[in-house]
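I have placed the structure first, in the form of structure tokens, so that the comments after it can refer back to it.
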Amino acid sequence: MATRPPRILLSGGGTGGHLFPALAIAEEIQKLEPATEFLFVGTQGKIEARVVPERGYPFRSIWISGFHRRLTIDNLLFPVKVIVSLVQSLLILRKFRPDVVVGTGGYVCGPVLFMATWLGIPTVVHESNSYPGITTRLLASRVRKVFTAFESTKNRLPSAANVELVGTPTRNALGSVSQKEGRIFFGLDEQRHTLLIVGGSLGAASINSAVLSSLDLLTGSGIQLIWQTGQSDHERVQWELGSRRVGWVGPFIDRMEFAFGAADAVACRAGATTLAELTRIGKPAILVPYPHAAADHQRHNARAMAAAGAGIMIEDHEVAQKFGRSVIDLLNDTPRLKAMSSASRALGRPDAGPVLAHKVLEFLR
């Protein structure tokens with residue numbers, strides 16, 4: 001190993017599903033090599049620009065955005081952004097001089113990974129979804145390794161030769177908070193059934209609308225909520241709530257370990273990172289897959305969870321009608337909650353973070 005401390009650059013963001021695996025990888029590497037110097041690269045205005053500095057890691061931004069399916073100003077600027085982001089990535093890489101570059105998905109890591117491979121820096125990608133994103137598909141043949149959470153992912157990549165199944169890294173803090181501690185943290189009644197609602201880091205308008213239409217049913221049954229609305233839908237939710245007290249409501253939950261600890265069950269989308277967190281702690285779930293996900297992978301994820309007895313799947317177009325009664329029936333059925341919890345935990349891969357950290361550090365030797 002080099003005489004100076006190891007340097008690892010991580011890039012991935014836009015959503016928590018891309019960011020939190022990167023943070024989990026950094027946590028595990030830091031355990032193995034405490035002197036490691038990290039740098040995160042993302043975009044301004046997205047979740048990573050706020051959360052990464054809060055976690056104590058250095059952060060740099062590049063000017064890039066996704067490509068929309070309709071004509072927008074961002075689309076017209078996209079070629080310019082690609083060129084600028086490639087130059088920015090090159091300058092960041094030359095200044096930081098990382099030993100390894102790790103990408104965890106999203107458009108932001110594309111320019112960084114491309115320039116890292118061009119410079120000959122060992123570069124790896126972690127792909128959480130069963131259907132790999134466009135960044136992974138484009139760069140899979142250039143990077144040293146593609147680590148996946150699903151065995152089937154290799155069938156959708158140019159070559160299986162550099163693909164390895166490891167699971168999705170999750171944060172060590174998950175599962176560390178008791179139910180009592182979690183409910184005290186959110187100012188909730190310690191004795192009442194508690195539902196965590198989280199539509200991903202950006203929220204989910206259809207789930208929020210279903211909760212709003214079910215409020216009388218839920219609160220009338222004594223259920224309290226921890227409700228992450230997402231930033232874009234928070235104002236609407238607060239306006240429709242008015243003065244009603246339902247528990248804790250906010251645009252984003254920074255301390256998810258307390259939310260998971262407090263909850264009897266979770267209502268959420270079916271993204272890969274969300275499911276990895278649920279199965280790590282064995283939390284029963286009501287899954288509402290995002291209907292426009294690439295290759296419909298969220299529906300496949302939710303069906304697999306439901307088939308294993310770890311969750312209940314509700315289609316997005318049915319959530320308004322089925323949500324309230326599904327929640328009440330589940331939370332009032334203690335044996336079912338326990339069985340779902342056991343089934344969920346059996347699907348988990350809590351060792352994914354340590355395994356991946358070891359594999360990343362192997363590139364330093």
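The values are calculated or read from the model by the stated rules, or taken from the named source; none is laboratory data. Quick caveat: nothing in here was measured; it's all calculated off a predicted structure. Glycine also receives a Cβ, built like all others from the backbone with ideal geometry; neighbour counts cover every protein chain displayed.
The table below lists the values:
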read-out: Positions within the stretch 94-132 being in contact with a strand residue (DSSP E or B) (Cβ under 8 Å, 6 or more places away or on another chain), surrounded by fewer than 19 Cβ atoms within 10 Å (Cβ to Cβ) and either aromatic (F, W, Y) or within 16 Å of P21 (Cα to Cα) (or both), in sequence order; value: F96
read-out: Strands (runs of 3 or more DSSP E) enclosed by the stretch 152-241 - at least 2 residues per element that are touching a residue at least 24 places away in the same chain (Cβ under 8 Å), crowded, with 21+ Cβ neighbours inside 10 Å and among the aliphatic types (A, V, I, L, M); value: 194-198, 224-228
read-out: Flag if R142 is in contact with a Ser or Thr (Cβ under 8 Å, 6 or more places away or on another chain), basic (K, R) and either without any contact (Cβ under 8 Å) to a residue 60 or more places away in the chain or closer than 25 Å to E33 by Cα (or both); value: yes
read-out: Residue among S213, S221, S176 that alone is modelled with pLDDT of 90 or more, touching an Asp or Glu at 6+ places or on another chain (Cβ under 6 Å) and hydroxyl-bearing (S, T, Y); value: S176
read-out: Helices (runs of 4 or more DSSP H) wholly inside the stretch 254-325 that include at least 2 residues being over 24 Å from R192 (Cβ atoms), small (G, A, S) and out of contact with any helix residue (DSSP H, G or I) (no Cβ under 8 Å at 6 or more places or on another chain); value: 297-307
read-out: Every pair of residues 6+ apart whose Cβ atoms lie under 9 Å, when the first sits in the stretch 1-20 and is within 13 Å of F96 (Cα to Cα) while the second is in a helix (DSSP H, G or I) and not aliphatic (A, V, I, L, M); value: R7/F96; L9/F96; L10/C109
read-out: Selection within the stretch 140-151 - outside any loop (DSSP other than H, G, I, E, B) and either more than 21 Å from the chain's Cα centre (by Cα) or more than 24 Å from H292 (Cα to Cα) (or both); value: K145, V146, F147
read-out: Hits in the stretch 118-134 - residues which are modelled with pLDDT under 90 and in a helix (DSSP H, G or I); value: I134
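One line per residue, one yes/no per condition, for (1) within 17 Å of the chain's Cα centre (by Cα); (2) among the small types (G, A, S); (3) in a strand (DSSP E or B):
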residue: G14; (1), (2), (3): yes, yes, no
residue: G17; (1), (2), (3): yes, yes, no
residue: L23; (1), (2), (3): yes, no, no
residue: K31; (1), (2), (3): no, no, no
residue: F38; (1), (2), (3): no, no, yes
residue: G56; (1), (2), (3): no, yes, no
